[in-house]
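Here's the structure, in structure tokens; my notes come after.
The values are calculated or read from the model by the stated rules, or taken from the named source; none is laboratory data. Keep in mind that this is a model prediction, so the values were computed, not measured. Methodologically, a virtual Cβ is constructed for each residue, glycine included, from the backbone with ideal geometry; neighbour enumeration extends over all protein chains shown. Only protein heavy atoms, including side chains, enter the accessible area calculation; ligands, DNA and RNA are left aside. Shrake-Rupley method; radii C 1.70, N 1.55, O 1.52, S 1.80 Å.
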Amino acid sequence: MADSPVSHHPAGSSAETGNAEASNEQRAQMEQAYQQMQRKMRIGKMEEQIKHKIMVLSGKGGVGKSTVATGLALSLAREGKKVGLMDIDITGPNVPKMLGLEDADLNVEEGQIHPAEGPAGVKVISMAFLLEDPDKPVIWRGPIKLGAIQQFIGDVAWGELDALIIDFPPGTGDEPLTVSQSLPGIDGVVIVTTPQEVALLDSRKSINFAKTISVPVLGVVENMSGYTIRGESEPNSKISIMGPGGVPIDCQSDNDGRWEVTLNVFKSGGGEESSRELEVPFLGSLPFDPGIVRGGDDGVHRIIAEPEGETAKAFKSIVEVIVEQLEKGSQRSLRII
Ligand SMILES: Nc1ncnc2c1ncn2[C@@H]1O[C@H](COP(=O)(O)OP(=O)(O)OP(=O)(O)O)[C@@H](O)[C@H]1O
Ligand SMILES: [Mg+2]
């Protein structure tokens, strides 16, 4: 049966060992091809099962992509949407820690991985769940890494979702490219920046990158915008506090003696300015909030710890603008190329 990939030779005959070996190899190849086909079919199905797919990118590291990705997912879920969150950061996956899911057990059934369930019912999948030792660095060469991402996309049983948020490592490397090529129907990219010049410059690169991979830019989020401190003193009195760089900042308390001052730790408004310049929507800004750092360490996101707080409100308004963009996108006005 030279033309069949499956051998029908009886096993055990020494004269046939060579053929049996070849057939084992062929069987493995067939098995692989079958899995690949199933994966492709599942990925194809994701187009209809998942209404919106959003990638979260930034040119520069540490600007708050994972914080924003988890915040968007939680904020959408709190509005009753079915949400998935996929952490594609293979070398430094930290979404599970941010959501208190470090010890989550994943269920694998019929070759499909079932995501962990996070706060507000968000379905979470992260490479961190698949690593044996979270403290061991992962060093994967390009093709293996890309293969793992493709498998990662095709082997997760998401079920029906309103939105899938995808968190990436910093930069415009292979990961977003591979995802954009493997996953059909990506709605767009949310670019996270801080208001510093360097971060803004890098976010321009992300916008151009999105254009080259023909994925629409949903807009820019300015993170770590301003840090507001509040206090109480005599009503209608003048308050002077020492701002960054030793520059005093004055303000006035109100009739009840309350006062507040916003310190622009990394300047402010740069995200809005650069999105105007680059003609992409501005989605809103998030305050600098030390509670975000604490929440990231404790595994209780700020939105969950303080659902009516300033940060949760800022996320809510960003989500509203994104939903508006998605609605426009479904009328195809958002396609760049
Ligand atoms: N608005 C904010 N206010 C205060 N701290 C913040 C804010 N956003 C993020 N952080 C903190 O900044 C650090 C980096 O955030 P995060 O991990 O979300 O960035 P990232 O862009 O995903 O980083 P990486 O590039 O390593 O993936 C974290 O310690 C996080 O808690
Ligand atoms: Mg991150």
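Considering segment 92-116 alone, what residues qualify as being under 21 Å from LYS82 (Cβ atoms), away from ligand 2 (no atom under 16 Å from the Cβ) and not hydrophobic (A, V, I, L, M, F, W, C)?
GLY100, ASN107, GLU109, GLN112, HIS114, PRO115
List the residue pairs whose Cβ atoms are under 6 Å apart, where the first residue sits in segment 63-85 and is in contact (Cβ under 8 Å) with a residue 60 or more places away in the chain and within 9 Å of ligand 2 (Cβ to nearest atom), the second is open to solvent by 10 Å² or more (accessible area, probe 1.4 Å) and of a type outside the set (Ser, Thr, Tyr), and the two are 6 or more positions apart or on different chains.
Hits for this filter: SER66/ASN94; THR67/ILE292.
Conditions first: (1) assigned to a strand (DSSP E or B); (2) more than 21 Å from ILE125 (Cα to Cα). ALA210 passes all but one, so which condition is the exception?
(1)
Do any strands (runs of 3 or more DSSP E) lying entirely in segment 26-139 carry at least 2 residues that are crowded, with 20+ Cβ neighbours inside 10 Å, and which ones are they?
Hits in segment 26-139: 50-57, 83-87, 123-126.
Which of the residues that make up segment 213-243 are within 30 Å of LEU183 (Cβ to Cβ), more than 16 Å from ligand 2 (Cβ to nearest atom) and surrounded by 13 or more Cβ atoms within 10 Å (Cβ to Cβ)?
The answer is ILE213, VAL215, PRO216, VAL217, LEU218, GLY219, VAL220, GLU222.
Which one of ASP250, ASP202, ASP289 is of a type in the set (Asp, Glu) and free of Cβ contacts under 8 Å to residues at least 40 places away in the same chain?
It is ASP250.
Being assigned to a helix (DSSP H, G or I), more than 16 Å from ligand 2 (Cβ to nearest atom) and closer than 29 Å to SER206 by Cα, is that true of even one residue in segment 244-260?
no
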